[in-house]
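For reference, the structure is listed below as structure tokens.
The values are calculated or read from the model by the stated rules, or taken from the named source; none is laboratory data. This structure is a prediction, so every number in the text was calculated from the model and none was measured. Quick reminder, even Gly has a Cβ in these numbers, built from the backbone with ideal geometry, and neighbours come from all protein chains shown. Keep in mind that these areas ignore ligands, DNA and RNA; they rest on the heavy atoms of the full protein, side chains included. Shrake-Rupley method; radii C 1.70, N 1.55, O 1.52, S 1.80 Å.
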Amino acid sequence: MKYKKTAPIGVFDSGVGGLTVAREIMRNLPHEKIVYFGDTARVPYGSKSKETILRYSRQIVRFLQTQEVKAIVVACNTASALALETISEEIDIPIIGVVKPGAKVAAQTTRNKKIGLIGTRATVKSDLYRKTIQAENPEIEVIGQPCPLFVPLVEEGWLKDSVTIEVAKRYLAPLLEKDIDTLILGCTHYPLLRSTLKTLVGDGVTLVNPAYETAKELQRLLKEQGMENEIHTDEEFPYRFFVSDEEECFQEFANSILPYNVKRTEQINIEEF
């Protein structure tokens, strides 16, 4: 099925974290329209089973298909790790996740072949980052560290709070002991902690932001398929936002991090899809 070039890109996440991916798409692909869905009623995904993540992801993809999107970005590391492969075989539109673009760049970046990965328990446990990186270079060691407290701290807006700094120090200590020189921010919430994390790891460690790498991957994909939107949109709302709960909190958060003023967020019952 061939979609119109002017059709939007579907982007979804378990909550607000995927807005970091939407932000990079807005910056790097300014002509593209976006339909964003945040599953705020069922966040976090990182502590749930593979079956549950797959069920949630299928429902969201079905919703995005009703919005006639031309491509889908799974802006959630957990869903990228646990559901992407299955879903890509079930639908006829291009779908990409955030794991592979970030993993590839990390493999190219490391000098001492020691890469740290921070993410949710499910992402770290899935082992997808390690497999993808070692497919690029089997000599690279990937040291994973689940950081379950980061998502609630980010959603609370405590980006530079002393509590967050203390938690981050504890999470990063085992990675720094292993002498990593590259650190993957393996959850889309984590780029919002970037400056805090950078201060703690120091100049010797390069941070890899999969949100940025995913936007670049999307750009390549659209170009390759001749699907990029060449006309600047004059629509009043080129970016549309949907959530499964708490639209006011979501909107407030979105407006604090996006280069675009979100005037409207719609709540939908995702269980109907």
Report yes if some residue within region 232-241 is under 19 Å from residue 109 (Cα atoms) and at pLDDT 95 or above; otherwise report no.
-> no
Consider residue 194 carefully, then state whether it is open to solvent by 70 Å² or more (accessible area, probe 1.4 Å) and closer than 21 Å to residue 73 by Cβ.
-> yes
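Going residue by residue through region 212-229, is there one that turns out to be hydroxyl-bearing (Ser, Thr, Tyr) and crowded, with 18+ Cβ neighbours inside 10 Å?
Filtering region 212-229 down to residues hydroxyl-bearing (Ser, Thr, Tyr) leaves 212, 214.
If we keep only those that are crowded, with 18+ Cβ neighbours inside 10 Å as well, we get 212, 214.
So far as region 212-229 goes, yes, one or more of its residues are hydroxyl-bearing (Ser, Thr, Tyr) and crowded, with 18+ Cβ neighbours inside 10 Å.
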Of the residues in region 168-191, those that are open to solvent by 20 Å² or more (accessible area, probe 1.4 Å) and either of a type in the set (Phe, Trp, Tyr) or at pLDDT below 95 (or both) come to 171
Within region 181-224, which residues are touching a Phe, Trp or Tyr at 6+ places or on another chain (Cβ under 8 Å), part of a helix (DSSP H, G or I) and more than 14 Å from residue 23 (Cα to Cα)?
-> 193, 197
Kindly indicate whether any position in region 78-90 is not basic (Lys, Arg) and not in a helix (DSSP H, G or I).
-> yes
Region 17-57 - residue that is open to solvent by less than 10 Å² (accessible area, probe 1.4 Å) and aliphatic (A, V, I, L, M) and, of those, nearest to the chain's Cα centre (by Cα) | 21
Among residues of region 13-64, those that are in a helix (DSSP H, G or I) and not hydrophobic (A, V, I, L, M, F, W, C), counted | 14
Could you check, for region 59-77, whether at least one of its residues is more than 20 Å from residue 22 (Cβ to Cβ) and crowded, with 24+ Cβ neighbours inside 10 Å?
-> no
Quick one: residue 154 ticks every box in (1) in a strand (DSSP E or B); (2) surrounded by 23 or more Cβ atoms within 10 Å (Cβ to Cβ) except a single one, so which number is it?
-> (1)
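Inspect region 132-141 for any residue being of a type in the set (Ser, Thr, Tyr) and out of contact with any Lys or Arg (no Cβ under 7 Å at 6 or more places or on another chain) and give the result as yes or no.
So the first thing to find is which residues in region 132-141 are of a type in the set (Ser, Thr, Tyr), and the list is 132.
Still in the list and also out of contact with any Lys or Arg (no Cβ under 7 Å at 6 or more places or on another chain): none.
Within region 132-141 (the criterion being of a type in the set (Ser, Thr, Tyr) and out of contact with any Lys or Arg (no Cβ under 7 Å at 6 or more places or on another chain)), the answer is no, since none of the residues qualifies.
Could you please let me know if residue 217 is out of contact with any Gly (no Cβ under 8 Å at 6 or more places or on another chain), in the same structural domain as residue 53 (by TED's automatic domain parsing) and within 30 Å of residue 255 (Cα to Cα)? Explain how you work it out, then say what you get.
On the way: out of contact with any Gly (no Cβ under 8 Å at 6 or more places or on another chain): yes; in the same structural domain as residue 53 (by TED's automatic domain parsing): yes; within 30 Å of residue 255 (Cα to Cα): yes.
Judged against the criteria, residue 217 is a match.
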In the list 236, 248, 266, which residue meets the criterion of being surrounded by fewer than 12 Cβ atoms within 10 Å (Cβ to Cβ), charged (D, E, K, R) and part of a loop (DSSP other than H, G, I, E, B)?
-> 236
In region 129-150, residues that are in a helix (DSSP H, G or I) and open to solvent by less than 40 Å² (accessible area, probe 1.4 Å) total 4
Flag if residue 197 is in contact with a Lys or Arg (Cβ under 6 Å, 6 or more places away or on another chain) and not basic (Lys, Arg) | no
Out of region 98-122, which residues are over 22 Å from residue 216 (Cα atoms) and not in a strand (DSSP E or B)?
-> 111, 112, 113, 120, 121, 122
